[in-house]
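Trainee: Next up is a structure, given as structure tokens.
Throughout, read-outs are computed from the coordinates displayed, never taken from laboratory work. Computed from a predicted model, the values in this text were never measured in an experiment. Positions of Cβ are generated from backbone atoms using ideal geometry, with glycine treated the same way; all protein chains shown enter the neighbour counts.
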Amino acid sequence: MNIFVDTSGIFALLVSNDYMHIRAKENFAYFARQRLQLVTSSFVLVETIALLQRRIGLAAVHDFYAKIFPLIEIIWVDDKWHTRALQRLYVLNNRDVSFVDCLSFEIMDSLEIECAFAFDRHFEENGFTIAAFDDLDIHNERLK
């Protein structure tokens, strides 16, 4: 099973005073135990680095690259992904859904990834499941 990794999940994992930090740590530990493949986009990387740098500092960026980045498969965005994300942004016609989220949804649909390591309601609003520690156990039981 693949899990799409969003900025909100990474940020909560790395920032100990984030309100979702404990849940993020539990989810991430579960992913490791189950050997789940983590996937994200190069745009999520840019967004994550910018957020960590601005709100926490460069030490957090270093921690991300040293500890988390090597565990994630990266989909590097080219002009085709960019165009697909832009088309989705126009179709959704919702100024609250970011371009990066639209790209994430396109990648998830294309790779048939149903679940996101995210704390962003837009994933659920667009038909995806948010990874929740208890829910993952239930989901895996259904797959057996």
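Trainee: What does the convex hull of the alpha-carbon atoms of the chain project to on average, in nm²?
Mentor: If I average the Cα hull's projected area over directions, I get 8.6 nm².
Trainee: Right, something else. How would you classify the stretch 69-124 from its alpha-carbon gyration tensor, with a ≥ b ≥ c the square roots of the eigenvalues: rounded for a/c under 1.5, else prolate if a/b is greater than b/c, otherwise oblate?
Mentor: oblate
Trainee: Another question, then. Using modelled backbone amide H atoms (1.01 Å from N, in-plane), which distant-in-sequence or interchain residues come within less than 5 Å of ASN2's amide H?
Mentor: For ASN2, whose amide H was placed from the backbone, there are no distant partners under 5 Å.
Trainee: Can you list the trypsin sites (Lys or Arg not before Pro) in the stretch 1-100 that are in a DSSP coil and have 16 or fewer other beta carbons within 10 angstrom?
Mentor: Details: sites: ARG23, LYS25, ARG33, ARG35, ARG54, ARG55, LYS67, LYS80, ARG84, ARG88, ARG95; in loops: ARG35, ARG95.
Passing sites in the stretch 1-100 are ARG35, ARG95.
Trainee: How long are the semi-axes of the equivalent ellipsoid of the stretch 1-43, defined as square roots of 5 times the Cα gyration tensor eigenvalues? Whole Å, largest first.
Mentor: On the way: eigenvalues 63, 40, 7 Å².
Working from the Cα gyration tensor, I get semi-axes of 18, 14, 6 Å.
Trainee: Calculate one ³J(HN,Hα) per residue across the stretch 46-55 by plugging θ = phi - 60° into the Karplus curve 6.51 cos²θ - 1.76 cosθ + 1.60, and present them in order as whole Hz with x for glycine and proline.
Mentor: Once rounded to whole Hz, the list reads 4, 4, 5, 4, 4, 5, 4, 4, 6, 8.
Trainee: How far apart, in nm, are the 7 Å Cα→Cβ label points at ASN93 and TYR65?
Mentor: Placing both labels 7 Å beyond Cα along the Cβ direction yields 4.3 nm.
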